[in-house]
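**Student:** One structure coming up, written as structure tokens, with questions to follow.
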């Protein structure tokens, strides 16, 4: 019931935004995405920006249907009808929950089992999206899919940090009740209070991390990077250790980065810092 109420409020927010100038940026028939993966106890939670158009649309802009469909597509259903359609609401939640189980995950972002990207970083920390039941679940800061990347839109960050958007995110965190939060991206980290320690990895000095506690007390780590969007701003050079920035994206290095972060987090927790 809690998930249904959360979804309904996300739909109401979507309907409201569709009446604003920002509405043209939204894929209006795309359902809000509550989460990627099935919530369960003792999970970690990774937090990204917002659903990409590729989760709902093919490259040519046509909707994903049949075997290619990942999330619920509202189609001709009005927002009002969607809100009261129990079957549609349940299908929306189930499609989101079955994201990794169904083999429909966007591996170019999340990574394949045993591959690179975000999955490799998590593997280095002893976790994975692909076990059953899953030890990690993903959510986005902003639950609505857009045609362009949020970072490329002038009004994007403002709508991401709209009070309703923040409330939906916080309620999602409460619903999932994870044992750790991993916030991806510098701008997303800035939107969270509670980070108290900042540092750089000795072996990978281009990586800045933050550590702290969410207001609920959940330990959280913030990364000023997204392993799935390969250190876009670093260019083609080398870090102060002589390692080429392109190497950061390889599985072997992402595993080591994950291991290093986990060690730092464990030491921080043992020290009992707040």
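**Student:** Give the range 128-148 a look and list any residue that's closer than 30 Å to residue 42 by Cβ, surrounded by fewer than 14 Cβ atoms within 10 Å (Cβ to Cβ) and either in contact with a strand residue (DSSP E or B) (Cβ under 8 Å, 6 or more places away or on another chain) or modelled with pLDDT of 90 or more (or both), or say none.
**Tutor:** Matches in the range 128-148: 131 only.
**Student:** Let me ask something else about it. Taking the range 115-153 as the region of interest, how many residues are farther than 23 Å from residue 27 by Cβ and outside any helix (DSSP H, G or I)?
**Tutor:** The qualifying residues number 14.
**Student:** In the range 155-164, is there at least one residue being touching a residue at least 40 places away in the same chain (Cβ under 8 Å), in contact with a helix residue (DSSP H, G or I) (Cβ under 8 Å, 6 or more places away or on another chain) and farther than 17 Å from residue 20 by Cβ?
**Tutor:** no
**Student:** Within the range 169-181, can you find the residues that are more than 14 Å from the chain's Cα centre (by Cα) and not in a loop (DSSP other than H, G, I, E, B)?
**Tutor:** 171, 174, 175, listed by residue number.
**Student:** So residue 158 fits all but one of (1) buried (at least 19 other Cβ atoms within 10 Å of the Cβ); (2) in a helix (DSSP H, G or I); (3) modelled with pLDDT under 95; what number is the exception?
**Tutor:** (1)
**Student:** Could you look through the range 183-202, keep only residues that are in a strand (DSSP E or B) and surrounded by 16 or more Cβ atoms within 10 Å (Cβ to Cβ), and pick out the one that is farthest from the chain's Cα centre (by Cα)?
**Tutor:** The selected residue is 195.
**Student:** So residue 78 clears everything in (1) more than 17 Å from the chain's Cα centre (by Cα); (2) touching a residue at least 24 places away in the same chain (Cβ under 8 Å) except one condition, right? Which one?
**Tutor:** Answer for residue 78: the failing condition is (2).
**Student:** Would you say residue 151 is in contact with a helix residue (DSSP H, G or I) (Cβ under 7 Å, 6 or more places away or on another chain), farther than 24 Å from residue 97 by Cα and surrounded by 14 or more Cβ atoms within 10 Å (Cβ to Cβ)?
**Tutor:** No: the conditions fail for residue 151.
**Student:** So residue 104 clears everything in (1) surrounded by 17 or more Cβ atoms within 10 Å (Cβ to Cβ); (2) under 28 Å from residue 247 (Cα atoms); (3) modelled with pLDDT of 95 or more except one condition, right? Which one?
**Tutor:** (3)
**Student:** Quick one: which of 9, 75 is modelled with pLDDT under 95 and either surrounded by fewer than 18 Cβ atoms within 10 Å (Cβ to Cβ) or part of a helix (DSSP H, G or I) (or both)?
**Tutor:** Being modelled with pLDDT under 95 and either surrounded by fewer than 18 Cβ atoms within 10 Å (Cβ to Cβ) or part of a helix (DSSP H, G or I) (or both) holds for just one of 9, 75, which is 75.
**Student:** Something else: Return yes or no: is residue 211 in a strand (DSSP E or B), buried (at least 17 other Cβ atoms within 10 Å of the Cβ), touching a strand residue (DSSP E or B) at 6+ places or on another chain (Cβ under 8 Å) and at pLDDT 95 or above?
**Tutor:** Yes, satisfied.
The values are calculated or read from the model by the stated rules, or taken from the named source; none is laboratory data. All figures in this text were calculated on a predicted structure; none of them were measured in a lab. As a convention, Cβ positions derive from the backbone with ideal geometry for all residues, glycine included, and neighbour counts pool all protein chains shown.
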